[in-house]
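Values quoted throughout were computed directly from the atomic coordinates according to the rules given, and no laboratory measurement underlies them. Nothing here was measured: the structure is a model prediction, and the numbers come from that model. Virtual Cβ from ideal backbone geometry, glycine too; neighbours counted across all protein chains shown.
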């Protein structure tokens, strides 16, 4: 990948989109992870207004410190960026208290609720300040395994890095000078309040999932491989199938003309 040219391409795309939409800039949720760090940096490179929001909900201390470090780095490098923290822990706790525990997926439902509270917060600040909500999903998450929350971190106005796989995200972030603590951290979605990683949840690393994505696009299946390769392709295929509903348009029941 041509790093400088790719960074300039995304930056110009972001600026052009915002100017055509008649908005002031972008709002980005920062988590202390690589995707949000790269997205907010690319947005800042446009010269338009960029608001980064840290939105802790019982957040693991390591994630919170990386998020603050990135915000400080942005502030020192881009005068068009401003930064804020919105502590959503009390809101989340009130939400949890109002829910009736039950069902096998109760904990997962609450984890996804964190992402949806953050989405609502981003859209409040976006609308209040004339800013677009910039998504932070990468290609493997958004179009491979569907590793995001529907109407949570999947609820955005535009997706600047969704055509980059994770290795490309890391390479571009390193090229742009993102802080080492983020570059070296293991990817995590930050929805559980502990230190579990994406790999813990998915059962495969991002390089493995990138490989599996390429194999599926080439028409290969798990039966074409053995050992760990077959296992990884099976993992990828399982998530891809289960989360397909996130990647396709909302189904619409078309009414036949003769019924109207």
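A compact table of results
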{"read-out": "Kirkwood Rh and Cα Rg combined as Rg over Rh, evaluated for segment 203-249", "value": "0.97"}
{"read-out": "Cβ crowding within 10 Å averaged over residues, with 172-181, 244-253 ranked highest first", "value": "172-181, 244-253"}
{"read-out": "Simple spin-label estimate for residue 19 and residue 237 in nanometres, 7 Å along Cα-Cβ", "value": "4.8 nm"}
{"read-out": "Virtual spin-label span in nm between residue 89 and residue 2, 7 Å along Cα→Cβ", "value": "4.8 nm"}
{"read-out": "Calculated [θ] (222 nm, deg cm²/dmol) that DSSP helices of n ≥ 4 give over the chain, each run adding -39,500 (n - 2.57)", "value": "-16000 deg cm²/dmol"}
{"read-out": "Base-10 log of normalised Debye intensity for segment 1-63 (one unit scatterer per alpha-carbon) at q = 0.16, 0.30 Å⁻¹", "value": "-0.57, -1.25"}
{"read-out": "Virtual spin-label span in nm between residue 150 and residue 108, 7 Å along Cα→Cβ", "value": "1.2 nm"}
{"read-out": "Extension gain (nm, one decimal) between residue 247 and residue 129, 0.36 nm per residue minus Cα-Cα", "value": "39.6 nm"}
{"read-out": "Taking segment 93-155 and dividing mean pair separation by its residue count, relative contact order in percent (alpha carbons under 8 Å, at least six apart)", "value": "37 percent"}
{"read-out": "Peptides ranked, highest mean first, by Cβ atoms within 10 Å: ranges 27-39, 108-120, 45-57, 73-85", "value": "27-39, 45-57, 108-120, 73-85"}
{"read-out": "Mean separation of Cα contacts under 8 Å (6+ apart) over length of the chain, as relative contact order %", "value": "20 percent"}
{"read-out": "Rg in Å to one decimal, and Dmax rounded to a whole Å, for the chain via C-alpha atoms", "value": "19.1, 64"}
{"read-out": "For 41, 11, order by how many other beta-carbon atoms lie within 10 Å, fewest first", "value": "11, 41"}
